[in-house]
1. Quick check on my filter: what residues within region 211-228 are open to solvent by 20 Å² or more (accessible area, probe 1.4 Å) and not in a loop (DSSP other than H, G, I, E, B)?
2. Which members of region 3-49 meet the condition of being charged (D, E, K, R), surrounded by 12 or more Cβ atoms within 10 Å (Cβ to Cβ) and in a helix (DSSP H, G or I)?
3. Quick check on Cys148: is it in contact with a helix residue (DSSP H, G or I) (Cβ under 7 Å, 6 or more places away or on another chain) and in contact (Cβ under 8 Å) with a residue 24 or more places away in the chain?
4. Filter region 138-155 down to the residues that are in contact with a Pro (Cβ under 9 Å, 6 or more places away or on another chain) and part of a strand (DSSP E or B), then identify the one that is nearest to the ligand (Cβ to nearest atom).
5. Here is a list of conditions, (1) within 11 Å of the ligand (Cβ to nearest atom); (2) open to solvent by 20 Å² or more (accessible area, probe 1.4 Å); (3) closer than 19 Å to Ser336 by Cα, and Gly202 meets all of them except one; can you say which number that is?
6. With the requirement that a residue be polar (S, T, N, Q), open to solvent by 10 Å² or more (accessible area, probe 1.4 Å) and within 19 Å of Cys53 (Cα to Cα), what does region 229-274 give you?
Amino acid sequence: MARVYNFSAGPSMLPEAVLQRAAAEMLDYNGSGQSVMEMSHRSKVYEEIINGCEALLREVMQIPDNYKVLFLQGGASSQFAMLPLNLMNGSGKADFVITGQWANKAYQEASRYGEANVIASSKDKTFSYIPKLDPATFTKDADYFHICMNNTIYGTVYHELPDTGDVPLVADISSCILSEPIDVSRFGVLYAGAQKNMAPAGMTVVIIREDLIGKARDITPTMFNYQIHADNGSMYNTPPCYTIYMAKLVLEWLKNEIGGLENMKAINEKKAGLLYDFLDNSKMFRGTVVAEDRSLMNVPFVTGNEELDALFVKEAAAAGFVNLKGHRSVGGMRASIYNAMPVEGVEKLVAFMKAFEEAHS
Ligand SMILES: *Cc1c(COP(=O)(O)O)cnc(C)c1O
């Protein structure tokens with residue numbers, strides 16, 4: 001069986017060793033005589049899976065004890081509403097930096113609940129950079145300050161965090177969670193959909209400082225209240241059981257095979273470096289993001305000729321490099337090179353791009 005190199009932005013590749021392990025355990029998990037898909041979420045055997053997943057996430061990400069970890073459903077997109085419902089209940093204000101579509105959705109949703117302020121935006125240049133931020137322009141009494149850390153569609157990332165003082169910094173880390181170490185203590189809330197870098201679709205991880213729990217508005221739906229999920233260990237209702245199990249396998253792989261987030265970062269830097277070096281030296285292809293804000297995870301690029309872009313995507317797919325078409329709002333190509341993409345996959349893509357360039361120039 002030939003597996004392709006899948007450059008999808010999400011859902012995306014999973015480590016092959018993890019898929020094999022899941023396959024081996026599909027019919028009989030650990031001598032239980034059941035698949036994890038079939039288990040009661042209240043059973044002892046499942047309790048070990050969800051608790052093990054949380055313990056591993058805490059260990060790998062070095063999450064401080066005063067943070068709760070929640071495994072929720074509804075995607076990262078539900079957080080755009082959960083955040084204002086739960087946090088925008090003091091001054092009723094929150095600050096936003098608009099670095100792309102996801103950041104903008106978080107802003108628009110919050111605008112329905114209170115005073116959402118746009119501090120800066122990079123829309124003027126198709127979100128190809130991270131705006132420079134001046135703390136003097138931040139809302140002093142905001143209930144939170146929201147950023148989208150890695151901008152999946154546009155391929156930008158914050159290399160420096162805004163200094164928000166006492167205002168809790170909230171970050172969407174859907175497309176960069178587990179890609180490198182992150183200082184959790186700098187944030188009030190971190191959240192991420194699983195399907196980019198952690199597991200299959202179906203789960204959203206929320207990492208929230210304990211003092212931010214318990215402030216929800218009265219109208220908050222029960223299922224949207226962080227307190228409910230925190231008090232019930234993410235088991236108020238049926239959690240996304242199988243995705244949590246898959247996340248546990250991915251975390252075991254990260255810890256035992258990769259050796260933790262420092263090593264993962266080195267591998268990701270190597271992969272991104274291969275691609276950016278090629279783009280910087282190519283006469284046909286170029287990256288679309290300013291050099292200092294480039295993402296390690298999502299690498300958009302163009303030839304400058306739409307027909308050539310389309311031909312490249314088509315020939316690449318035929319050669320086993322799939323899902324390289326860029327997001328419709330940017331055009332061109334995008335290679336998403338999350339943790340599970342092996343170095344070899346990027347080396348081979350670069351070799352293919354070189355050959356394409358020679359053949360078509
Ligand atoms: C994919 C993505 C989302 C949307 O996630 P869903 O789980 O589909 O709601 C939000 N933010 C970022 C940064 C993403 O990459």
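1. Residues of region 211-228 open to solvent by 20 Å² or more (accessible area, probe 1.4 Å): 211, 213-219, 221-225, 227-228.
Answer for region 211-228, where residues must be open to solvent by 20 Å² or more (accessible area, probe 1.4 Å) and not in a loop (DSSP other than H, G, I, E, B): Asp211, Thr222, Met223, Phe224, Gln227, Ile228.
2. So the first thing to find is which residues in region 3-49 are charged (D, E, K, R), and the list is 3, 16, 21, 25, 28, 38, 42, 44, 47-48.
Keeping just the survivors that are surrounded by 12 or more Cβ atoms within 10 Å (Cβ to Cβ) gives 16, 21, 25, 38, 47-48.
Once the filter is applied, which keeps residues that are charged (D, E, K, R), surrounded by 12 or more Cβ atoms within 10 Å (Cβ to Cβ) and in a helix (DSSP H, G or I), region 3-49 yields Glu16, Arg21, Glu38, Glu47, Glu48.
3. Values: in contact with a helix residue (DSSP H, G or I) (Cβ under 7 Å, 6 or more places away or on another chain): yes; in contact (Cβ under 8 Å) with a residue 24 or more places away in the chain: yes.
Yes, satisfied.
4. Step by step, filter region 138-155, then rank; the result is Ile147.
5. Condition not satisfied by Gly202: (3).
6. Let us first name the residues in region 229-274 that are polar (S, T, N, Q), namely 232, 234, 237-238, 243, 256, 263, 268.
Still in the running and open to solvent by 10 Å² or more (accessible area, probe 1.4 Å): 232, 237-238, 243, 256, 263.
Within region 229-274, Asn232, Asn237, Thr238, Thr243, Asn256 meet the criteria.
Condition check ((1) under 23 Å from Gly10 (Cα atoms); (2) surrounded by 19 or more Cβ atoms within 10 Å (Cβ to Cβ)) across all residues:
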| position | (1), (2) |
| --- | --- |
| Pro84 | no, yes |
| Asn89 | no, no |
| Gly92 | no, no |
| Asp95 | no, yes |
| Gly100 | yes, yes |
| Ala103 | yes, yes |
| Tyr107 | yes, yes |
| Ser111 | no, no |
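For every residue, the table says whether it meets (1) of a type in the set (Ser, Thr, Tyr); (2) in contact with a strand residue (DSSP E or B) (Cβ under 9 Å, 6 or more places away or on another chain).
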site	(1), (2)
Asn30	no, no
Met37	no, no
Cys53	no, yes
Ser77	yes, yes
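The values are calculated or read from the model by the stated rules, or taken from the named source; none is laboratory data. Since this is a predicted model, take the numbers as computed values, not measurements. Cβ sites come from the backbone with ideal geometry, for glycine too, and all protein chains shown count toward neighbours. Side chains are part of the model used for accessible areas, which takes the heavy atoms of the whole protein and leaves out ligands, DNA and RNA. Shrake-Rupley method; radii C 1.70, N 1.55, O 1.52, S 1.80 Å.
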